[in-house]
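What follows is a single structure, written as structure tokens, with notes after it.
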């Protein structure tokens, strides 16, 4: 009887592990270059163990796929995609947004009203369309060209400010408010 129980638990455990790993072949099946995931964290083990920040982890994944339009990785067993090609980003943000509008960086308007209308953090489709109609006219090529020299001047002022306060403690809010 004990042997049957142990055998049952081993088989059950094998099926459970197989079920957990079912999505680890997703990017290979899609033909998208990707990293090999490590059970149980996928490709974000360094973030979970706090050896890297999320941004550092994503940057390292991004840099491993030079020359590729996109690369896949895994957050635990969930497939995730990093886009590298500007034309692909444009296509997704304009034409295929319906398929890609949900992401992990959704921000509530009550927490940060400005960041909540960033096209990369809007999760609701109708809200994205509304924000896009507001923001798009301000981002025409002629308006961006007009703003570019002022943006360069702001960058130089910020650089000078940082150099003048090098080695001193400073709040990020003070720093960023001086940039705008």
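Given R₀ = 35 Å, FRET efficiency for residue 85-residue 108 by Cβ-Cβ distance, to 0.05?
Working: r = 31 Å, r/R0 = 0.88.
The formula returns an efficiency of 0.70 here.
For the stretch 39-115, what class follows from the C-alpha gyration tensor (a ≥ b ≥ c being the square roots of its eigenvalues): rounded when a/c is under 1.5, otherwise prolate if a/b is larger than b/c, else oblate? Because a/c hits 1.5 or more and a/b fails to exceed b/c, the stretch 39-115 counts as oblate. Relative to the dominant Cα principal axis of the chain, helix 125-135 is inclined by about 20°.
Note the full-extension length gain between residue 60 and residue 19 as 0.36 nm times their separation in residues minus their Cα-Cα distance, in nm to one decimal. Intermediate values should be presented prior to the final figure.
On the way: separation 41, 0.36 × 41 = 14.76 nm, distance 2.84 nm.
Full extension from residue 60 to residue 19 adds 11.9 nm.
Taking springs between alpha-carbon atoms closer than 10 angstrom, which of 36, 77, 110 fluctuates most in the Gaussian network model of the chain? Of 36, 77, 110, the most mobile in the Gaussian network model is 110.
Rounded to two decimal places and with Rh computed the Kirkwood way over Cα pairs, what is Rg over Rh for the stretch 23-84?
Details: Rg = 10.9 Å, Rh = 11.6 Å.
Radius of gyration relative to Kirkwood radius: 0.95.
Estimated at 0.36 nm per residue, the fully extended path between residue 169 and residue 141 surpasses their Cα-Cα distance by 6.2 nm.
Each peptide among 62-73, 161-172 gets the average number of other Cβ atoms lying within 10 Å of its residues, and from highest to lowest they stand as 62-73, 161-172. Rounded to the nearest 5, the antiparallel percentage of DSSP beta bridges internal to the stretch 14-101 is 90%.
Axis of helix 141-164 versus longest Cα principal axis of the chain: the two differ by about 90°, to the nearest ten degrees. Taking each DSSP H run with n ≥ 4 as -39500 (n - 2.57) and averaging over every residue of the chain yields -15500 deg cm²/dmol at 222 nm.
Over the stretch 140-180, the pair-distance histogram of Cα-Cα distances with 10 Å bins from zero comes to 27, 43, 21, 9 percent, rounded to whole numbers. The alpha-carbon atoms of the chain, seen along their principal axes, cover 78, 45, 39 angstrom, with the largest extent given first.
Exposure proxy check: 41, 74 ranked by fewest other beta carbons within 10 Å? Mind dumping the intermediate values first?
Values: 41 16, 74 22.
By the 10 Å Cβ count, ascending, the order reads 41, 74.
A crude spin-label estimate for the pair residue 129 and residue 11, with each label 7 Å from Cα along the Cβ direction, gives 5.3 nm. Cα centroids of the stretch 31-94 and the stretch 108-180: 25 Å apart. Distance between the pseudo-spin-label points of residue 28 and residue 94 (7 Å out from Cα toward the beta carbon): 3.7 nm.
Each reported figure results from applying straightforward, stated rules to the coordinates on display, with no laboratory input. All figures in this text were calculated on a predicted structure; none of them were measured in a lab. FYI the Cβ positions are ideal-geometry reconstructions off the backbone, even for glycines, and counts take in every protein chain you see.
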